[in-house]
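Derivation of every value follows stated rules applied to the coordinates shown; laboratory data play no part. This structure is a prediction, so every number in the text was calculated from the model and none was measured. Every residue, glycine among them, receives a Cβ derived from its backbone with ideal geometry; neighbour counts consider all protein chains shown.
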């Protein structure tokens, strides 16, 4: 039996060594902590604003909530670009450590907000810190995992976000009972991930592919700034623009629709005479249980059927699952099931990014390219929560607003067919 045939006969996970598994664990946990910090805001923003705003402003809470989430998203875009560029210049591992430490400290500071203005500014800073982690983790996982299992590794890394969202929902189920300052406790808990950087420092290697590219950069082989490099070559520029459009579709839709799912379920529960915060936690856990399965499934399916076909299917089903939640389901129990299905596709859709993006760009600009596609849409998408909050307030409900925003999924469906299929192929050193 040849070496290739012998490798094919063994399960995919047998080909991985301890360093590769440690890298996956580190990137998964880093993204999980990102998820906790992000979803903690979505779960608690209503409670926080009830304490930070005057009673006369309570009717406008959807607008203030949309503005707060939007500023976090804007910061995420800024931090994401900075982090991606840093990861190409100072290393994947070092950038990951700095970003986790930064968002842990700044999330803890959010607990001490004394007004809506101070809360909004602090969340902007948290967003900057959170944004810098993703491209680093996606790049180092792609560069260390074998070609045939890279989609699986990316899906397993990305599911950390859903785990973080689920964890935040679970913690809020108990912390919400601690009184008016409960939202502050949620953010204080967010300090804990900072201690994880001590393990990263010793537990994972730097990417050999990055070290080789860094050596070439020092030798003058790649002198151009990495962000300029994305647009210097026609094929790289074409890929960057198409990936940006797909990411814009994914991001605007999620932040403009699904970010409001917990408060939507909470409002439905309150109308039924039930505890709104408790049902928001239930909805968050159900939604993110579906999302975790969606992330992992996308990675495994993309290795099996190809990046393009699976991504297109997720875009289509994300659109179809939106009315399932916001228009067609009225029973609270069934609404939790619908939230799970919606989470599988709308948040699971993000799995195409760590699976496909690192395979589209050369090593010396890989993190920059992934960061550009993943984060720059947030400079536009941050308007989504503002628009959604206004639409919800204007139309008196979530359903029509959700469907108006969901139309943007068609942008992703129109863009994905023009990117190359990369399943099972080596990462490009040049394009």
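Values for this structure:
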read-out	value
For a label point 7 Å along the Cα-to-beta-carbon line of residue 332, residues of region 264-290 with backbone N under 19 Å	264-288
Linear extension gain, residue 19 paired with residue 410, 0.36 nm per residue minus alpha-carbon span	136.8 nm
Acute angle (nearest 10 degrees) that the helix 261-271 long axis makes with the longest principal axis of the chain, alpha-carbon atoms	20 degrees
Residue order, fewest to most surrounding Cβ atoms within 10 angstrom, among 349, 52	52, 349
Extended-chain gain in nm, criterion 0.36 nm per residue less alpha-carbon gap, residue 418 and residue 60	124.6 nm
Hull shadow area, averaged, region 180-237 [alpha-carbon convex hull, nm²]	7.6 nm²
Cα-based helix-to-principal-axis angle, 383-395 vs the chain, degrees rounded to 10	30 degrees
Additional length obtainable on full extension of the chain from residue 237 to residue 278, 0.36 nm per residue less Cα span	10.1 nm
Virtual spin-label span in nm between residue 212 and residue 117, 7 Å along Cα→Cβ	5.4 nm
Whole-Å semi-axes of the ellipsoid equivalent to the chain (Cα gyration tensor, √5λ, descending)	35, 23, 20
Tilt relative to the chain, helix 276-305 - C-alpha long axis, 0 to 90 degrees, to 10	20 degrees
Estimated 222 nm signal from helices in the chain, with DSSP H stretches of n ≥ 4 weighted -39500 (n - 2.57), rounded to 500	-24500 deg cm²/dmol
Percent RCO, i.e. relative contact order, over the chain, from Cα pairs under 8 Å lying at least 6 residues apart	26 percent
11 Å cut-off, amide nitrogen to a point 7 angstrom out along residue 178 Cα→Cβ, residues in region 99-124	none
